[in-house]
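Before any comments, here is the structure.
The values are calculated or read from the model by the stated rules, or taken from the named source; none is laboratory data. The structure displayed is predicted, hence computed values, not measured ones. Heads up, the Cβs are rebuilt from the backbone with ideal geometry, glycines too, and the neighbour counts pull from every protein chain shown. Please note that ligands, DNA and RNA were not included when accessible areas were found on the heavy atoms of the full protein model with its side chains. Shrake-Rupley method; radii C 1.70, N 1.55, O 1.52, S 1.80 Å.
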Amino acid sequence: MHGLVTKSTGSQYLVRLDSGEELLCRIRGNLRLKGFEATNPLTVGDRVELELKPGDDVGLVTSIGVRKNYIIRKSVKLSRQVQIIAANLDRALVVATPVLPRTSLGFIDRFLATAEAYSIPAGIVWNKTDLYDEDVWAFVHEARDLYESIGYKVYAVSGISGEGLDVLSNDLKGSITLFSGHSGVGKSTLINSLIPGKQLKTAGISRQHQKGMHTTTFAEMHELPEKGYIIDTPGIREFGTIDFDKYEVSHFFPEIFRVGKGCKFNNCIHTNETGCAVLPAVEKGEIALSRYESYHSILMNEDYFR
């Protein structure tokens, strides 16, 4: 039998069979991916082959189909293992908020750089517009101008009031889209608004720390009304990038990569090299300082942005 992994609980997986039925499965003990150490060899979005023995009510995944892509992050600080967030994506969206809890541009940049590294089209969803005042709107408009000038699609929406959801909903049709971001940014509320009848659990913000409280425990795929899926992921406090080659980090910042073609030396990493074209562009404001700082942080393998 063949099917699509729609939910992961770490030890067991829910698979939607090609026949339309759903079956709880576990993976064969020696099923591992070649090439890197992962905390989870199987992930939501994977196509799998499985078997169900007579009398059993739990299937056994025997092989994983070829992935067209996947997105990963470091599982914990200083760990050499990685966590595969999802596979076979058409797009990856980071759901962010400038308020309650605030998402840093550094976090967003690390997410976008990782999507670039795995050739996954990415974008930003600024949520909770119902809470924005004039100053917050000014920040969001400035951020939207910045990221759209680079080539990223940016949305400003409210899962509560419905503002902006028509455009987002239309763009999600017929595709498999990952939603990722901090706890508390409103991913579950957003999905409830995008899928009529969906009632994912939601929670408020911790008053003490102004951070979200986990409501989504495991990654899960939700079917959209007009074809397509949203993959909802547990909130993450920090986004650790994988170990990029220092000469390739700029490849994952499109505007830095474009300007970097004008550097005197091909191996320029845009820190203090003679003939660097990127540093003058940063000084002139042609490359945003926040983007360059994110690039430099990844290059220097500094602490993750929260």
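Couple of notes before you dig in:
- Number of the condition not met by ALA113 [criteria: (1) more than 15 Å from the chain's Cα centre (by Cα); (2) closer than 20 Å to SER297 by Cβ]: (1)
- Candidates are the residues of the range 263-286 that are closer than 22 Å to LEU146 by Cβ and free of Cβ contacts under 8 Å to residues at least 12 places away in the same chain; the one that is least open to solvent (accessible area, probe 1.4 Å) is VAL282.
- Residue within the range 11-34 that is modelled with pLDDT of 90 or more, hydrophobic (A, V, I, L, M, F, W, C) and in a loop (DSSP other than H, G, I, E, B) present: no
- Residues of the range 133-153 satisfying the condition of being crowded, with 19+ Cβ neighbours inside 10 Å and outside any helix (DSSP H, G or I): TYR152
- Cβ-Cβ under 9 Å pairs, at least 6 apart or on other chains, the range 111-138 side touching a residue at least 24 places away in the same chain (Cβ under 8 Å) and farther than 16 Å from PRO101 by Cα, far side among the small types (Gly, Ala, Ser) and open to solvent by 10 Å² or more (accessible area, probe 1.4 Å): PHE111/ALA122; LEU112/ALA122; THR114/ALA122; ALA115/ALA122; GLU116/ALA122
- Residues considered: ASP166, ASP243, ASP171. Of these, the only one that is among the acidic types (Asp, Glu) and either closer than 30 Å to GLY10 by Cα or modelled with pLDDT under 90 (or both) is ASP243.
- Subset of the range 103-132 that is more than 20 Å from VAL249 (Cα to Cα) and in a helix (DSSP H, G or I) - its residue that is least open to solvent (accessible area, probe 1.4 Å): THR129
- Residue within the range 245-259 that is closer than 15 Å to ALA117 by Cβ, of a type in the set (A, V, I, L, M) and either in a helix (DSSP H, G or I) or in contact with a helix residue (DSSP H, G or I) (Cβ under 6 Å, 6 or more places away or on another chain) (or both) present: yes
- Here ILE191 meets each of (1) surrounded by 20 or more Cβ atoms within 10 Å (Cβ to Cβ); (2) assigned to a strand (DSSP E or B) with one exception, condition (2).
- Any hit, the range 173-185, residues being in contact with a His (Cβ under 8 Å, 6 or more places away or on another chain) and not acidic (Asp, Glu): yes
- Residue satisfying all of: in the range 35-53; outside any loop (DSSP other than H, G, I, E, B) and at pLDDT 75 or above; farthest from THR233 (Cα to Cα) among these: GLU51
To keep it simple, each residue is scored yes or no on (1) open to solvent by 40 Å² or more (accessible area, probe 1.4 Å); (2) modelled with pLDDT of 95 or more.
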{"site": "THR217", "(1), (2)": "yes, no"}
{"site": "PRO234", "(1), (2)": "no, no"}
{"site": "SER250", "(1), (2)": "no, yes"}
{"site": "GLU255", "(1), (2)": "no, yes"}
{"site": "LYS261", "(1), (2)": "yes, yes"}
{"site": "ALA288", "(1), (2)": "no, yes"}
